[in-house]
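Trainee: Once you've had a glance at the structure underneath, I'll fire off some questions.
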Amino acid sequence: MKNKFLVLSAFLLVWLLLYLNLNPITDIIVYSIFGLEKNTHLTNAIWFFIFEVPKVLMLLVLVVFGVGIIRSYFSPERTRKLLGGKSLFAGNVLASSLGVVTPFCSCSAIPLFLGFVQSGVPLGVTFSFLIAAPMINEVALVLLFGLFGWQTALLYASTGLLIAITAGYVIGRLKLEKFVESWVYETKANRIEFVEEKIPFNDRIDAGISAVKEIVAKVWLYIVIGIAVGAGIHGYVPENFMASLMGKSAWWSVPLSVLIGIPMYSNAAGIIPIVQALLEKGASLGTVLAFMMSVIGLSLPETIILKKVLKIQLIGIFVGVVGVGIIIVGYLFNYIFA
Amino acid sequence: MNLIKVYGSGCAACKKLEAMCREVIQENNLDAAVEKVTDIQAIMKTGILSTPGLEINGKMMSSGKLPTKSTLIHWIQDNIN
């Protein structure tokens, strides 16, 4: 027990020292060890790569570890209990926030949807959860924070929450229960209560470590490729390559990005290289964030899975409401960051 | 007869859990059968909300996560006859 805390503290200390000194360390590697000439395109690209890869991966390890520990306090069963009997608006806010911290995999979307609805969680509240859970995730936030700064990450998280709350609220107000397949309401799900065991903090540390192993193993390659792409175009592709297509002046770029993004399916790590390339080359922030949100938040495979329990009209309304929300956010950002 | 049920559709963790159960039984020479339940209605009846769900002799042990192998060995050994 004591040992684990010692190891953890030592790890955090080393992490912090390394992270704060990445800049000089990169300088030493690039200029002293490789002996590259300063301020050429190639040197800048290599410097960018050597600096960004450890930076983003280190952030990812730390955040995924922290989130892993936080998530060990939550479970879908517990979230359902918290959401039961909540009124519409308060329920939407709570469901969206819980969507961020409850462990969720889109492969569990159906049992989760059924379990919520059948035990009396309102339809709109359930949707708030289903929208927030995939859209606001730790990998997306780390990448936005690491590559574009904390403002962008915060904006993404807060507007993502806003969309989940509003879209769920609208779906709730529209009274769409008739578009849920009828057998859903006919079966009553059993509620299960897991014995609330007191998990020692030691085990939660293990939960954090296994989250790091699982997630970092899944996404590190995308991130390295993404940064390599970013480094490659850093000095080589003309600065305003995308400006005319996805810049602020092109009003149609926001809805178009969302339309392209919906059928695309990717995790946050896979989409970041594209996001980075687009931003770097003059696409505007609102347009790019709208694209990213529609790729991560609305996906064709997930809607096809949902077809088992929802009639096509409700799926249409779901995609429509969320899509409109994302478009509004896109315009808002383009307006704010004019 | 001891019965271990793994609830879950095609998700990667579900397949992994089923394989782990079989492994534990074989390695420890235990007398138990492993059954994979993929029917969504049957899954919902148990009350779990995320897959994979693990049930040993009628007792639901966990849902939505993959236990470590040592935890799984404990669970199985403690709950079968």
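Trainee: Based on alpha-carbon centroids, what's the gap between segment B:16-81 and segment A:277-338 in Å, whole number please?
Mentor: Between the Cα centres of segment B:16-81 and segment A:277-338 lies a distance of 38 Å.
Trainee: Suppose only helical runs count, i.e. DSSP H with n ≥ 4. What mean residue ellipticity at 222 nm does that imply for chain A under -39500 (n - 2.57) per run, divided by all residues and rounded to the nearest 500 deg cm²/dmol?
Mentor: -23500 deg cm²/dmol
Trainee: Another question, then. Give the Rg/Rh ratio for chain B, taking Rg as the radius of gyration of the Cα atoms and Rh as the Kirkwood radius, to two decimals.
Mentor: Taking Rh as the inverse mean 1/r over Cα pairs, Rg/Rh reads 0.93.
Trainee: Could you tell me the convex hull volume per residue, in Å³, taken over the Cα atoms of segment A:51-93?
Mentor: Value for segment A:51-93: 85 Å³ per residue.
Trainee: Could you give the DSSP H helices of chain A that reach 24 angstrom or more along their long axis (alpha carbon positions) and whose average Kyte-Doolittle hydropathy is no lower than 1.6? Spell out each step's value before the answer.
Mentor: Working: long enough: A:2-20 (27 Å, 1.68); A:41-71 (43 Å, 1.76); A:150-173 (34 Å, 1.02); A:201-234 (45 Å, 1.00); A:312-336 (36 Å, 2.16).
Helix filter hits for chain A: A:2-20, A:41-71, A:312-336.
Trainee: Please list the non-local residues whose amide H lies under 5 Å from the amide H of B:Lys36, H modeled 1.01 Å from N, same-chain partners needing a gap of 5 or more.
Mentor: B:Val6
Trainee: Okay, next question. When only DSSP loop residues count, what trypsin sites (Lys or Arg not before Pro) in segment A:134-187 have their Cβ near at most 10 other Cβ atoms within 10 Å?
Mentor: On the way: sites: A:Arg173, A:Lys175, A:Lys178; in loops: A:Lys175.
Here the sparse-neighbourhood loop sites are A:Lys175.
Trainee: Still on this structure: As a check on your grasp of the helix formula, calculate [θ] at 222 nm for chain B: sum -39500 (n - 2.57) over DSSP H runs of n ≥ 4, divide by the residue count, round to the nearest 500.
Mentor: -13000 deg cm²/dmol
Trainee: Follow-up question, since we're still on this one. Could you give the angle, 0 to 90 degrees to the nearest 10, between helix B:12-27's Cα long axis and the longest principal axis of the Cα atoms of chain B?
Mentor: Tilt relative to chain B: about 20 degrees.
Trainee: Over the whole of A:105-118, what's the average partner chain Cβ count within 10 Å per residue? Rounded to a whole number, please.
Mentor: For this peptide, the per-residue mean of nearby foreign Cβ atoms is 5.
Trainee: Still on this structure: Looking at chain A, identify the longest residue range that excludes and avoids all chymotrypsin sites (Phe, Trp or Tyr not before Pro) in DSSP loops having at most 13 other Cβ atoms within 10 Å.
Mentor: Longest run free of exposed loop sites: A:74-235.
Trainee: Could you list the trypsin sites (Lys or Arg not before Pro) in segment A:10-114 that lie in coil according to DSSP, counting only those with at most 11 other Cβ atoms within 10 Å of their Cβ? Show your work: numbers first, answer last.
Mentor: Numbers: sites: A:Lys38, A:Lys55, A:Arg71, A:Arg78, A:Arg80, A:Lys81, A:Lys86; in loops: A:Lys38, A:Lys86.
Answer by residue number: A:Lys38.
Trainee: Let me ask something else. Tally Lys and Arg at +1 and Asp and Glu at -1 over the other residues with C-beta under 11 Å from the C-beta of A:Ala231: what net charge comes out?
Mentor: Residues near A:Ala231 contribute -2 overall.
Trainee: With angles folded into 0 to 90 degrees, how steeply does helix B:69-79 sit against the dominant principal axis of chain B? Use alpha carbons for both and round to 10.
Mentor: 80
Trainee: Report the GluC sites (Glu not before Pro) located in segment A:1-82 that are in a DSSP loop and have at most 15 other Cβ atoms inside 10 Å of their Cβ, or state none.
Mentor: Listed in order of number, the matching sites are A:Glu37.
Trainee: Rounded to the nearest 100 Å², what's the accessible area chains B and A bury against each other, both chains counted, probe 1.4 Å?
Mentor: Its buried surface, counting both partners, is about 1400 Å².
Trainee: Checking a compactness column here: for segment A:1-153, what do you get for Rg(Cα) / (2.2 N^0.38 Å), N being the number of residues?
Mentor: 1.44
Trainee: Just round it to a whole percent: the fraction of Cα-Cα distances in the protein assembly as shown exceeding 40 Å. Present the calculation step by step, with values, prior to reporting the outcome.
Mentor: Values: 21430 of 87571 pairs.
Counting every Cα pair in the protein assembly as shown, those more than 40 Å apart make up 24 percent.
Trainee: If amide H atoms are built 1.01 Å from N in the plane of the peptide, which residues on other chains or at least 5 residues away come under 5 Å of the amide H of B:Ser50?
Mentor: Amide H to amide H, under 5 Å and 5 or more residues apart or across chains, B:Ser50 pairs with B:Gly64.
Trainee: Taking every residue in B:40-46, how many Cβ atoms of other protein chains lie within 10 Å of its Cβ, on average? It would help to have the intermediate numbers written out before the result.
Mentor: Details: counts 5, 4, 0, 6, 10, 4, 5.
Shielding by partners across B:40-46 averages 5.
Trainee: Which one, A:Leu18, A:Tyr222, A:Ala132, is farthest towards the positive end of the dipole of chain A when Lys and Arg carry +1 and Asp and Glu -1 on their Cβ?
Mentor: Looking along the dipole axis, the top candidate is A:Ala132.
Trainee: Mind checking which aspartates and glutamates have their Cα closer than 12 Å to the Cα of A:Lys307? Skip sequence neighbours fewer than 8 apart in that chain.
Mentor: In chain and number order, the partners are A:Glu181.
Trainee: Another question, then. Quick check for you: with a 1.4 Å probe and neighbouring chains kept, what is the accessible area per residue of the protein assembly as shown, in Å²?
Mentor: Per-residue accessible area for the protein assembly as shown comes out at 48 Å².
Trainee: Calculate what fraction, in whole %, of the accessible area of segment A:51-133 sits on carbon and sulfur atoms when a 1.4 Å probe is rolled over the protein chains.
Mentor: 73
The values are calculated or read from the model by the stated rules, or taken from the named source; none is laboratory data. No experiment lies behind these values; they were computed from the predicted model shown. Here the Cβ is made from the backbone with ideal geometry for all residues, glycine too, and neighbour counts use every protein chain on show. Quick note on the areas: whole protein, heavy atoms, side chains included, nothing else; ligands and nucleic acids left out. Shrake-Rupley method; radii C 1.70, N 1.55, O 1.52, S 1.80 Å.
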